[in-house]
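The values are calculated or read from the model by the stated rules, or taken from the named source; none is laboratory data. Remember, it's a predicted structure, so these values are computed and weren't measured experimentally. Cβ: placed from backbone, ideal geometry, glycine included. Neighbour counts: every protein chain shown.
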Amino acid sequence: MKRSRTLTLALMSATALTLAACDNPEEVAVFETVEQCATQDGFNLQACEANMKQAQAEHVRVAPKYTSAADCEADFGAEQCETSPQRTTSGGSVFMPLMMGYMMGNMMSGRSGVATQPLYRSRDDAKNFRTGDNQKVSGKTGISKVSGQTARAPSTKTSTIKRGGFGSAARARASMGKFRSFGG
Amino acid sequence: MQRITIEERDDWKTQADELGFNFHTLYGAAYWDETACYRFGLQQIENDIEDPSEEIEKMCFEVVARALDSEEIMGKLAIPEGFWDYIRSSWMNQEKNLYGRLDLSYDGNGPAKLLEYNADTPTSLYESAAFQWVWLEQAMKREIIPPGCDQFNSIHETMVEAFRNFGIPGKLHLASCKGSDEDAGTVHYIEECAAQAGLETAFLFMEDIGIDAAGRLTDTDDLTISTLFKLYPWEWVMADEFGRALPKSGVTVIEPAWRAILSNKGLLPLLWEMFEGHPNLLPAYFADDPRAADLQGGYVRKPLLSREGGNVEMVRPGEETLMVEGPYGEEGFIVQALHPLPVFEGNHTVIGSWLVASKPCGMGIREDNSPITKDSSRFLPHVILD
């Protein structure tokens, strides 16, 4: 047979706009320190240290970034921010919240769908750990269940300084005639 | 290969509207046309379309490798010099390609001839992959066509599989330009394929993409974009302000930058130079090549970069020259030996052979009233029935 065996289109039809039902929850482990991690059943010090290092390395990449310390503290609380090693293109400082813990896969379940990453606590919801892209993880350390989306590597929140830098070439052509598609 | 007049499904417009296929009728005329279908034999599909498509793709890769090593060729293709290193590294890093459409002239006999390769921003994907498939299932069930018909169309399965193999970390952003239902529809279908492969996706318009202080691209929620599918031609990306920031933005782009060499009509003379005489190729030259004057029996002059037949000129011996207006051509032209599309009941028929992750996996047929396929073309379904 030269054709697809089955074909279902959920997103295209207006009646079923999400595929949320297909999102498999993941078991994750949340810790504030390597020591906490090492005392968790089935976890070992070596893996705990390696994952902490990995989360710290991710911290600079995925932490929300601000161009003023005040804006950062408004979201994360007084003295809860630090200076990022990054610089803006005009040489200004970049601020980000302190890393408050880290998330890794559950070593007991052996699943690998979890991206090791730093966790934060925002001022307006200080009891919960959150990922760099502001997904709620859990209020406690140890093992928790989160959505598959939360377990994945986070996108990075940043400040957009300009929009509209794409599309001028298309506009230039479109103004010269009728256009059905810019692809073709 | 036959054109067979058939009955339309009485409810296809309702179905199309429900499925979000909202460009089935354009400028008051049908674009999706199921008042007829094309019938092929399995051997025609496998020997004349599928295998040659795979072979053409391999030849194209040799052209890319050669072009990237030659400043002369990159210059002939009018690719801005500032992007040469970026394009080269997209190839060296083996950035994965998703999909493309080879446009072929084929009448059921003899070798199909490559007219051009839309390797960057092909549309008519949804019609080929999904709506045509649904038509086949329903047309058999409703006895519009005989039972046991098949179709060269595993595009959907192959797209989902390709996305599974892409290894995209985090979210996939997908974008098209404002003002085209057809482009948005195509991108939404591609988004659906990605979602079915388990990817997290978000759509936005090209015009709404932002940039942050570190030169990273951002979406409308101020989240950085790590992987971007763009239904927006590379030559326009390279001309736009943010395009110049792209090489340092850390964004992985689909289609990757090296596809710009294949979607350029300069591909055609480069293929002919490297594989002269290949049965699926037509003689082609850059317009300023003296050999261009030797083309016998008419030729087609095409801008290096153009869409929907814009600024294409067909010079035919003993007949008037045909010309499509458009805003293209400033980068230069190529000429290709004339190999007119076959005519079925007054319709000029072009075959679009789909490659997904470089694998031939389906076909879409368009008809136009003119020998040059334009934005007035219509899409017709096909069956395989021996």
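Data overview
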{"quantity": "Whichever residue in the range B:126-180 is in a strand (DSSP E or B) and within 30 Å of A:Thr156 (Cα to Cα) and, among such residues, is nearest to the chain's Cα centre (by Cα)", "calculated": "B:Ser176"}
{"quantity": "Within the range A:40-88, tally of residues that are of a type in the set (D, E, K, R) and part of a loop (DSSP other than H, G, I, E, B)", "calculated": "3"}
{"quantity": "Test set (1) away from chain A (no Cβ under 14 Å); (2) farther than 30 Å from B:Phe166 by Cα; (3) touching a residue at least 12 places away in the same chain (Cβ under 8 Å) - B:Thr321 fails condition number", "calculated": "(3)"}
{"quantity": "Residue ID - nearest to the chain's Cα centre (by Cα), chosen from residues in the range B:50-99 that are over 18 Å from B:Glu116 (Cα atoms) and acidic (Asp, Glu)", "calculated": "B:Glu95"}
{"quantity": "Residue in the range B:220-228 that is in contact (Cβ under 8 Å) with a residue 60 or more places away in the chain and either surrounded by 21 or more Cβ atoms within 10 Å (Cβ to Cβ) or among the aliphatic types (A, V, I, L, M) (or both) present", "calculated": "no"}
{"quantity": "Considering residues of the range B:1-39 that are more than 10 Å from every other protein chain (Cβ to nearest Cβ) and among the aromatic types (Phe, Trp, Tyr) only, the residue nearest to B:Ser124 (Cα to Cα)", "calculated": "B:Trp32"}
{"quantity": "Checklist (1) outside any strand (DSSP E or B); (2) touching a residue at least 12 places away in the same chain (Cβ under 8 Å); (3) away from chain A (no Cβ under 14 Å); (4) touching a strand residue (DSSP E or B) at 6+ places or on another chain (Cβ under 7 Å) applied to B:His348, failing item", "calculated": "(1)"}
{"quantity": "Residue ID - nearest to the other protein chains (Cβ to nearest Cβ), chosen from residues in the range A:89-110 that are part of a loop (DSSP other than H, G, I, E, B) and more than 28 Å from A:Val146 (Cβ to Cβ)", "calculated": "A:Thr89"}
{"quantity": "Failed condition for A:Lys145, given (1) charged (D, E, K, R); (2) in contact (Cβ under 8 Å) with a residue 60 or more places away in the chain; (3) touching a Leu at 6+ places or on another chain (Cβ under 7 Å)", "calculated": "(3)"}
{"quantity": "Per-region count, the range A:56-94, residues more than 19 Å from A:Arg130 (Cβ to Cβ) and either touching a residue at least 12 places away in the same chain (Cβ under 8 Å) or touching a Cys at 6+ places or on another chain (Cβ under 8 Å) (or both)", "calculated": "10"}
{"quantity": "Members of the range B:163-191 that are of a type in the set (Gly, Ala, Ser) and crowded, with 18+ Cβ neighbours inside 10 Å", "calculated": "B:Gly170, B:Ala175, B:Ser176, B:Ser180, B:Ala184, B:Gly185"}
{"quantity": "Residue match in the range A:114-136 (condition: within 14 Å of chain B (Cβ to nearest Cβ), touching a Cys at 6+ places or on another chain (Cβ under 7 Å), free of Cβ contacts under 8 Å to residues at least 60 places away in the same chain and assigned to a loop (DSSP other than H, G, I, E, B))", "calculated": "no"}
{"quantity": "Residue ranges of helices (runs of 4 or more DSSP H) in the range B:1-103 with at least 1 members hydroxyl-bearing (Ser, Thr, Tyr), farther than 22 Å from B:Pro233 by Cα and touching a residue at least 60 places away in the same chain (Cβ under 8 Å)", "calculated": "B:51-68"}
{"quantity": "Odd one out for B:Glu116 among (1) surrounded by fewer than 22 Cβ atoms within 10 Å (Cβ to Cβ); (2) acidic (Asp, Glu); (3) within 19 Å of the chain's Cα centre (by Cα); (4) modelled with pLDDT of 95 or more", "calculated": "(1)"}
{"quantity": "Members of the range A:147-168 found to be outside any loop (DSSP other than H, G, I, E, B) and surrounded by fewer than 21 Cβ atoms within 10 Å (Cβ to Cβ), listed by number", "calculated": "A:Gly148, A:Gln149, A:Thr160, A:Ile161, A:Lys162, A:Arg163, A:Ser168"}
{"quantity": "Filter pass, A:Arg180 being within 14 Å of chain B (Cβ to nearest Cβ), closer than 30 Å to B:Ser377 by Cα and not in a loop (DSSP other than H, G, I, E, B)", "calculated": "no"}
{"quantity": "Strands (runs of 3 or more DSSP E) completely within the range B:200-283 that count 2 or more residues being at the interface with another protein chain (Cβ under 9 Å from one of its Cβ atoms)", "calculated": "B:201-205, B:210-212, B:227-231"}
{"quantity": "B:Gly28 surrounded by 14 or more Cβ atoms within 10 Å (Cβ to Cβ) and more than 22 Å from the chain's Cα centre (by Cα)", "calculated": "no"}
{"quantity": "Subset of the range A:148-173 (residues that are over 21 Å from A:Thr88 (Cα atoms), without any contact (Cβ under 8 Å) to a residue 40 or more places away in the chain and within 7 Å of another protein chain (Cβ to nearest Cβ))", "calculated": "A:Arg152, A:Phe166, A:Gly167, A:Ser168, A:Ala169, A:Ala170, A:Arg173"}
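One line per residue, one yes/no per condition, for (1) modelled with pLDDT under 95; (2) out of contact with any Phe, Trp or Tyr (no Cβ under 9 Å at 6 or more places or on another chain):
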| position | (1), (2) |
| --- | --- |
| B:Pro247 | yes, no |
| B:Ile254 | no, no |
| B:Trp272 | no, no |
| B:Glu276 | no, yes |
| B:Leu281 | no, no |
| B:Ala284 | no, no |
| B:Asp289 | no, yes |
| B:Asp294 | yes, no |
| B:Gly297 | yes, yes |
